[in-house]
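Peer 1: Quick one: structure below, then a few questions.
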Amino acid sequence: MASTSPAVGTPGHSPGRTVLDDTDISRALTRITHEILEKNRDAEGLVLLGIPTRGVHLAQRIAARMSEVEGRTITPGALDITMYRDDLRRGPVRSLEHTDIPDDVDGKTVVLVDDVLMSGRTIRAALDALADLGRPKAVQLAVLVDRGHRELPIRADFVGKNLPTSLAEKVKVRLEEIDEQTDSVTIEGGSE
Amino acid sequence: MTVIRQVRLLGEDVVDIAIEGGVITAVGTDLPTGDHDVVDGQGLIALPGLVDLHTHLREPGREDAETVRTGTMAAARGGFTCVHAMANTDPVADTAGVVEQVWRLGREAGYCDVQPVGAVTVGLAGEQLAELGAMADSAAGVRVFSDDGKCVSDAVLMRRALEYVKAFGGVIAQHAQEPRLTEGAQMNEGILSGELGLTGWPAAAEEAIVARDCVLAAHVGSRLHVCHLSTRGSVEIVRWAKSKGWDVTAEVTPHHLLLTDELVRSYDPIYKVNPPLRSADDVAAVREGLADGTIDIVATDHAPHPMEDKECEWNAAAFGMIGLETALSVVQQTMVDTGLLTWAQVADRMSTAPARIGRVADHGRPIAVGEPANVVLYDPAATRVVEPADTASLSRNTPYRGHELPGRVVATFLRGHATVLDGALTEGVPA
Amino acid sequence: MKHLLSAGDLTHEDALRILDTAEELLGVAKRPIKKLPTLRGRTVVNLFFEDSTRTRISFEAAAKRLSADVINFSAKGSSASKGEGLKDTALTLQAMGADAVVVRHHHSGAPHRLAHAEWTKGAVINAGDGTHEHPTQALLDAFTMRRHLNDGVGDLAGKNITIVGDVLHSRVARSNALLLHTLGAHVTLVAPPTLLPVGVEHWPVETSYDLDASLEKADAVMMLRVQRERMNASFFPSAREYSRRYGLDTARMNRLPEHAIVMHPGPMNRGMEISADVADSGRSVIVEQVTNGVAVRMAVLYLLVGGSTEGDTE
């Protein structure tokens, strides 16, 4: 929401508080990459699936780092969960995002990648979607930010940053691939 | 005795009109009112009682859609004092017995004179002439013959019918529709029929019959009347026939003066009618034709249908619209308010000329001393939004739902008796 | 978009959204579990007043792959052959809580009537009405063309599509002409003059009486079914003459550009509008059209009743 008029202290116009800058994000992703490899010994039998939209870009960055470490190309995929959402009837119909499964998931370890983990409902939908695609050996979850407020018994295996927030606050993740600005994670609103 | 005070005669001079014993006894200014019934005519215009040459009263056979009584009540509310009941009833009005029955039902109801139209062919089947002479000689005194709803398409049969009715001054009112060109036809053939995927009813199917019949009528020296003429081509053919001095007359319906085929886009069968609603150019042509006298009269083609015959898909629906109660308003809107006709000319197109074509003696007469007191009082300044339930007809299939129309019939006098007064039906005047 | 009644109601954006959604959903057919939970608890009624096994099965498969409850209502031969059936049937469906009603009817405009007479609250999808339209067929045709001619993305700008045959009686041709125009294609309708509708000169298409003239620049040729009965109504003199002048045989097919595809909405009259060799050739995408039909219909169902609908807010 680019505004040319001066913000007059209206809610939603606060630029927010930056909690992670581009260097922090890069460092967090590098750490997550190493943790994934460590936990799974190596990248053999791993399928990285990003959840659109930002999760896909994060998966691509992790895959790039992994390829460097492993010395071979690792292709990440994308898993759209729109058709599995539990809130479809609560609003106008949503457009689908692209699903791209690079490899058969049967017997593989799937690492789901998303930007923010909160209620856990997106991941619940992703697990359902995954079950319709095959039967992975294991499913792990990597997120850039875990802000709490879980509504389902779901936890992340790899977390870039734990970010305790109030429900009134909004966590915004910006990635240069789609947001056309420097990477950042900010907390907006919440003071009202 | 009734005195109508300060009414504008044919929309022109303000006069008083005195009526007694079913006859107009005085027309002038400041007539003495004494202790007579007085009707305040201020702001109203007086026209001779309207005559409809084309009405479907549905009785006998479809009393669920309309009866002679309800149809004539609707007619009175529309300012009519005489209607011609079309022959496509069940049984068909193709014998003296049926036409006399319809005629009697009209007299018993007492709202409007009912002049039955006789079928041209037995059962409207287009094969054998009905007993035209017997119907002419009956109490109903039939002079107009029509297979309306169907075209007398056989050229030989049409020729014979035209010839035969000369013996008693009859006229053949033709429903001009070439049957082979209109098999399964649903709407005007044009850009829209192609787009909507509805089978077209080409103008040529009307014009071909109109042209043929004009030539036939001239050849045998008889009278032809063209029902519900709807296309520019038909107007031009009739104009040409009249220029030759041939005895050809034609009618247009109010809906063909106002509505176009664009309405079919809704697929709402309320707009399904035969002949179909045509293009805007055809509407312009029939207005011009009515204005210059090429088209002699306005006739309603009032065609009641029960709800279930309209609340369905287009193809399955019945053709037809009701129109007695809206006819004069539509003519005002399309012809008077546009400057195409004066009220005196409206009196000609809706009373004098149809009475002359139908050979009805007591109707379509001038509002003058000694003439039968068939008079309608009309308020041209009123407006109303058409509400389908506000009708005396048993049917509700008006295409004008929600339209704002000008004018209102305030009173109708049939031989001096009010059938409508203050806009409301009276008890009628049963014979 | 509440209903899908005419291909002409779709904007460029609407059409692309449907095609893009279908592109995503095409993958579902290749998965071990060919089902999505999206329309669980939604009811889709297939209301068929006219037999069409292939269209009904396609919609049924689409609805079931989205986990909708499907009710097939075949009204042919029942009291519905009388006009009043449409209203009463609609009221019944409304009482059953139909979220979407897929209507096939032998009369033009019946789906339109169902949608606008307020007899049902559900989304109405036109699955072919009389000689009017068949919008989902046009969508699956466009989808198939886009996959072959534009790698499955974007629109069909600048593509030349030739549609041949009984345009007058074809709801497929009407819907295709409208949709392909919206998607930027140049459409040429080829037919004998008797089988072109009055007013076709006002359609956003070119017309031609000569099939051979339009072959060399065509990116896709769609052959329409021509019923032999038309011959009895003098639309053309004989099946042989029709086939010779307007049928697609190998010689004509060989004059198409290398990349051009041959389509047919089915069912085919082999030997009449299309020769068996052409129907079975590598250029024919006729079988693929069937597969794509399911994905396109899934997309339409999802986009119409996948979000909140009128019934949810009550």
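The values are calculated or read from the model by the stated rules, or taken from the named source; none is laboratory data. Everything quoted here is computed from the prediction, not taken from an experiment. All Cβ positions, glycine included, derive from the backbone under ideal geometry; neighbour counts span all protein chains shown.
Peer 1: Anything in segment C:194-204 that is of a type outside the set (Val, Ile, Thr) and either not assigned by TED's automatic domain parsing to the domain that holds C:Leu256 or not in a helix (DSSP H, G or I) (or both)? List them, or say none. Step through it out loud before you land on a result.
Peer 2: So the first thing to find is which residues in segment C:194-204 are of a type outside the set (Val, Ile, Thr), and the list is C:195-197, C:199, C:201-204.
Within segment C:194-204, C:Leu196, C:Pro197, C:Gly199, C:Trp203, C:Pro204 qualify.
Peer 1: I'm told B:Glu262 meets every condition in (1) away from chain C (no Cβ under 14 Å); (2) touching a residue at least 60 places away in the same chain (Cβ under 8 Å) except one. Can you identify the failing condition by its number?
Peer 2: Every condition holds for B:Glu262 apart from (1).
Peer 1: Would you point out the residue of segment C:122-151, among those that are without any contact (Cβ under 8 Å) to a residue 60 or more places away in the chain and acidic (Asp, Glu), that is farthest from C:Gly266 (Cα to Cα)?
Peer 2: Applying the filter and picking the extreme gives C:Asp151.
Peer 1: Select, from B:Thr391, B:Thr383, the only residue that is assigned by TED's automatic domain parsing to the domain that holds B:Asp16, of a type in the set (S, T, N, Q) and not in a loop (DSSP other than H, G, I, E, B).
Peer 2: Details: B:Thr391 fails: not in a loop (DSSP other than H, G, I, E, B).
Step by step, each of B:Thr391, B:Thr383 is checked, and only B:Thr383 is assigned by TED's automatic domain parsing to the domain that holds B:Asp16, of a type in the set (S, T, N, Q) and not in a loop (DSSP other than H, G, I, E, B).
Peer 1: Further question on the same structure: Any idea which residue in segment C:150-164 is farthest from the other protein chains (Cβ to nearest Cβ), counting only those that are assigned to a loop (DSSP other than H, G, I, E, B) and of a type outside the set (Gly, Ala, Ser)? Reasoning before the result, please.
Peer 2: To start, the set of residues in segment C:150-164 that are assigned to a loop (DSSP other than H, G, I, E, B) comprises C:150-159.
Narrowing the set further to residues that are of a type outside the set (Gly, Ala, Ser) leaves C:150-151, C:153, C:155-156, C:159.
Values: C:Asn150: 17, C:Asp151: 14, C:Val153: 11, C:Asp155: 17, C:Leu156: 20, C:Lys159: 23 Å.
Step by step, filter segment C:150-164, then rank; the result is C:Lys159.
Peer 1: Which one of the conditions (1) free of Cβ contacts under 8 Å to residues at least 40 places away in the same chain; (2) in contact with a Gly (Cβ under 7 Å, 6 or more places away or on another chain) does B:Pro254 fail to meet, given that it meets all the rest?
Peer 2: (1)
Peer 1: I'd like the residue in segment C:113-149 that is away from every other protein chain (no Cβ under 14 Å) and among the small types (Gly, Ala, Ser) and, out of all such residues, is nearest to C:Val285 (Cα to Cα).
Peer 2: C:Ala142
Peer 1: Looking only at residues in segment C:30-65 that are of a type in the set (A, V, I, L, M) and within 20 Å of the chain's Cα centre (by Cα), which one is nearest to C:Leu183 (Cα to Cα)? Spell out how you get there, then give the answer.
Peer 2: Taking segment C:30-65 and keeping what is of a type in the set (A, V, I, L, M), we get C:33, C:36, C:39, C:44-45, C:47, C:57, C:61-63.
Checking the rest, the ones that are also within 20 Å of the chain's Cα centre (by Cα) come to C:44-45, C:47, C:57, C:61-63.
Numbers: C:Val44: 29, C:Val45: 30, C:Leu47: 29, C:Ile57: 27, C:Ala61: 27, C:Ala62: 24, C:Ala63: 26 Å.
Looking at residues that are of a type in the set (A, V, I, L, M) and within 20 Å of the chain's Cα centre (by Cα), I get C:Ala62.
Here's the yes/no breakdown for (1) in contact with a Phe, Trp or Tyr (Cβ under 9 Å, 6 or more places away or on another chain); (2) within 17 Å of B:Ala74 (Cβ to Cβ):
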site	(1), (2)
B:Val369	no, no
B:Ala373	yes, no
B:Tyr378	yes, yes
B:Ala382	no, no
B:Ala392	yes, yes
B:Val410	yes, yes
B:Arg415	no, no
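Peer 1: I'm checking my understanding of the structure. Among residues of segment B:31-63 that are among the acidic types (Asp, Glu) and in a loop (DSSP other than H, G, I, E, B), which one is nearest to B:Gly149 (Cα to Cα)?
Peer 2: Within segment B:31-63, the subset among the acidic types (Asp, Glu) is B:35, B:37, B:40, B:52, B:59, B:63.
Those still in the list that are in a loop (DSSP other than H, G, I, E, B) too: B:35, B:59, B:63.
Values: B:Asp35: 51, B:Glu59: 15, B:Glu63: 18 Å.
Among those residues, the one meeting the criterion is B:Glu59.
Peer 1: Name, by its number, the condition in (1) surrounded by fewer than 22 Cβ atoms within 10 Å (Cβ to Cβ); (2) in contact with an Asp or Glu (Cβ under 9 Å, 6 or more places away or on another chain); (3) more than 30 Å from A:Arg89 (Cβ to Cβ); (4) β-branched (Val, Ile, Thr) that does not hold for C:Thr309.
Peer 2: Looking at each condition in turn, C:Thr309 falls short on (3).
Peer 1: I'm trying to understand the selection: among the residues of segment B:200-248, which are within 14 Å of chain C (Cβ to nearest Cβ) and surrounded by fewer than 18 Cβ atoms within 10 Å (Cβ to Cβ)?
Peer 2: Step one: list which residues in segment B:200-248 are within 14 Å of chain C (Cβ to nearest Cβ), which gives B:200-205.
Correct list: B:Ala204 only.
Peer 1: Filter segment C:98-112 down to the residues that are under 20 Å from C:Ala62 (Cα atoms) and in contact with a helix residue (DSSP H, G or I) (Cβ under 7 Å, 6 or more places away or on another chain), then identify the one that is farthest from the other protein chains (Cβ to nearest Cβ). Step through it out loud before you land on a result.
Peer 2: In the first step, residues of segment C:98-112 are kept if they are under 20 Å from C:Ala62 (Cα atoms); the result is C:98-105, C:111.
Within this subset, residues satisfying the condition of being in contact with a helix residue (DSSP H, G or I) (Cβ under 7 Å, 6 or more places away or on another chain) are C:99-105.
Numbers: C:Asp99: 10, C:Ala100: 13, C:Val101: 14, C:Val102: 16, C:Val103: 10, C:Arg104: 13, C:His105: 7 Å.
Selected residue: C:Val102.
Peer 1: Restrict the check to segment B:131-147 and report whether at least one residue is buried (at least 24 other Cβ atoms within 10 Å of the Cβ) and assigned to a strand (DSSP E or B).
Peer 2: For segment B:131-147, residues buried (at least 24 other Cβ atoms within 10 Å of the Cβ) and assigned to a strand (DSSP E or B): present.
Peer 1: Give segment C:121-143 a look and list any residue that's crowded, with 24+ Cβ neighbours inside 10 Å, over 13 Å from the mean Cα position of the chain (by Cα) and not hydrophobic (A, V, I, L, M, F, W, C), or say none.
Peer 2: Residue satisfying the conditions is C:Gly122 alone.
Peer 1: Moving on to the next point. Please determine, by comparing only the residues of segment B:181-192 that are assigned to a helix (DSSP H, G or I) and in contact (Cβ under 8 Å) with a residue 12 or more places away in the chain, which one is nearest to the other protein chains (Cβ to nearest Cβ). Outline the logic, then answer.
Peer 2: First pass over segment B:181-192, keeping only residues assigned to a helix (DSSP H, G or I): B:181-182, B:191-192.
With in contact (Cβ under 8 Å) with a residue 12 or more places away in the chain added as a condition, the list becomes B:181-182, B:192.
Working: B:Leu181: 12, B:Thr182: 14, B:Leu192: 7 Å.
Applying the filter and picking the extreme gives B:Leu192.
Peer 1: In addition: Only one residue in B:Met350, B:Met335, B:Met307 is within 30 Å of B:Leu216 (Cβ to Cβ) and either of a type in the set (S, T, N, Q) or in contact (Cβ under 8 Å) with a residue 60 or more places away in the chain (or both), so which one is that? Before you say what the answer is, go through the steps one by one.
Peer 2: Working: B:Met335 fails: within 30 Å of B:Leu216 (Cβ to Cβ); B:Met307 fails: within 30 Å of B:Leu216 (Cβ to Cβ).
One residue alone meets the criteria, B:Met350.
Peer 1: Looking at segment B:69-85, which of the residues that are assigned to a helix (DSSP H, G or I) and among the polar types (S, T, N, Q) is surrounded by the fewest Cβ atoms within 10 Å (Cβ to Cβ)? Walk me through how you get there before you give the answer.
Peer 2: Of segment B:69-85, the ones assigned to a helix (DSSP H, G or I) are B:69-77.
Adding the requirement that they be among the polar types (S, T, N, Q) leaves B:70, B:72.
On the way: B:Thr70: 22, B:Thr72: 31.
Only one residue fits best here, namely B:Thr70.
Peer 1: Test of understanding: among C:Val296, C:Val305, C:Val290, C:Val300, which residue is more than 14 Å from chain A (Cβ to nearest Cβ) and of a type in the set (Val, Ile, Thr)?
Peer 2: Details: C:Val296 fails: more than 14 Å from chain A (Cβ to nearest Cβ); C:Val305 fails: more than 14 Å from chain A (Cβ to nearest Cβ); C:Val300 fails: more than 14 Å from chain A (Cβ to nearest Cβ).
Just one listed residue meets the conditions, C:Val290.
Peer 1: In segment A:46-96, which residues are more than 8 Å from every other protein chain (Cβ to nearest Cβ), under 26 Å from C:Leu39 (Cα atoms) and in a loop (DSSP other than H, G, I, E, B)?
Peer 2: A:Ile51, A:Pro52, A:Thr53, A:Leu79, A:Ile81, A:Arg85, A:Asp86, A:Asp87 - these are the residues of segment A:46-96 that are more than 8 Å from every other protein chain (Cβ to nearest Cβ), under 26 Å from C:Leu39 (Cα atoms) and in a loop (DSSP other than H, G, I, E, B).
Peer 1: Got a number for residues in segment B:286-315 being crowded, with 24+ Cβ neighbours inside 10 Å and either assigned to a helix (DSSP H, G or I) or not assigned by TED's automatic domain parsing to the domain that holds B:Ala65 (or both)?
Peer 2: Qualifying residue count for the region: 3.
Peer 1: Can you find even one residue in segment A:70-81 that is without any contact (Cβ under 8 Å) to a residue 60 or more places away in the chain, of a type in the set (D, E, K, R), buried (at least 19 other Cβ atoms within 10 Å of the Cβ) and touching a His at 6+ places or on another chain (Cβ under 9 Å)?
Peer 2: Step one: list which residues in segment A:70-81 are without any contact (Cβ under 8 Å) to a residue 60 or more places away in the chain, which gives A:70-81.
The next check asks that each one be of a type in the set (D, E, K, R); those that pass are A:70, A:72, A:80.
With the extra rule that they be buried (at least 19 other Cβ atoms within 10 Å of the Cβ), the set shrinks to A:80.
Restricting the remaining residues to those that are touching a His at 6+ places or on another chain (Cβ under 9 Å) gives A:80.
Looking through segment A:70-81, at least one residue is without any contact (Cβ under 8 Å) to a residue 60 or more places away in the chain, of a type in the set (D, E, K, R), buried (at least 19 other Cβ atoms within 10 Å of the Cβ) and touching a His at 6+ places or on another chain (Cβ under 9 Å).
Peer 1: Tell me yes or no: at least one residue of segment C:168-183 is assigned to a loop (DSSP other than H, G, I, E, B), under 15 Å from the mean Cα position of the chain (by Cα), crowded, with 18+ Cβ neighbours inside 10 Å and in the same structural domain as C:Pro267 (by TED's automatic domain parsing). So that I can check it myself, show each step before the final result.
Peer 2: Step one: of segment C:168-183, the residues assigned to a loop (DSSP other than H, G, I, E, B) are C:168-170, C:183.
Applying the additional criterion that residues be under 15 Å from the mean Cα position of the chain (by Cα) yields C:169-170.
This time we only want the ones that are crowded, with 18+ Cβ neighbours inside 10 Å, so: C:169-170.
When the remaining residues are screened for being in the same structural domain as C:Pro267 (by TED's automatic domain parsing), the result is C:169-170.
Yes, segment C:168-183 has at least one match.
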